[in-house]
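Before any comments, here is the structure.
Coordinate-derived values only; no laboratory data. From a predicted model like this one, the values you see are computed outputs, not experimental measurements. Cβ: placed from backbone, ideal geometry, glycine included. Neighbour counts: every protein chain shown.
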Amino acid sequence: MSPPAATTSDLVDFKFPLIGFTPDLEIWGFPDRPSLTTCGVQTLRKSMPLGMDLIDADGAQFRVVALHNKGRADPLLPWLLKAMLSGRQYRIEYVIAPLEKMSLEDLKARIGKSLEAFPSDYCLEDERDTVLLPLLAAVQAADGVAELFTLLGLDSFESY
């Protein structure tokens, strides 16, 4: 039996929020479709989302296999104003391949690995016991993806 075919992100009815894991275990978050499909220049230049696994609030999981620049995120004048204030933003579309659904327990374990891999994203070196360990405990106690998303305060690619 062949694997399910890849599709584009605009054709998937994601249950937001989404949590994304890059191949090097960085965690990104997307509270809604505009945050998922908007990015800055660095994201495009470095193709940062390639290989990222996206997990939605129901555990549906997809891997980003290609990234397409769809042009400016806004009409020209608002785009120019935003570009001067906070950097250029672009609309993107992902080509994604469906993966097996991820259980909440597996998602928590993956988040734990990411927190351990990038502790400086969440605390200073001397705050491991007072910040990181309680965060890891809170992750394990979370009841769903939305709660995990809120706990982690995840960033999207919009400003990168």
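Summed over segment 93-137, the residues that are hydroxyl-bearing (Ser, Thr, Tyr) and surrounded by 13 or more Cβ atoms within 10 Å (Cβ to Cβ) give a count of 3. Scanning segment 138-160 for residues that are among the acidic types (Asp, Glu) and surrounded by fewer than 17 Cβ atoms within 10 Å (Cβ to Cβ) yields 143, 147, 155.
Within segment 141-156, residues that are without any contact (Cβ under 8 Å) to a residue 40 or more places away in the chain and more than 21 Å from residue 37 (Cβ to Cβ) sit with their Cβ atoms under 8 Å from residues that are charged (D, E, K, R) and surrounded by 15 or more Cβ atoms within 10 Å (Cβ to Cβ), at 6+ positions apart or across chains, in these pairs: 142/108.
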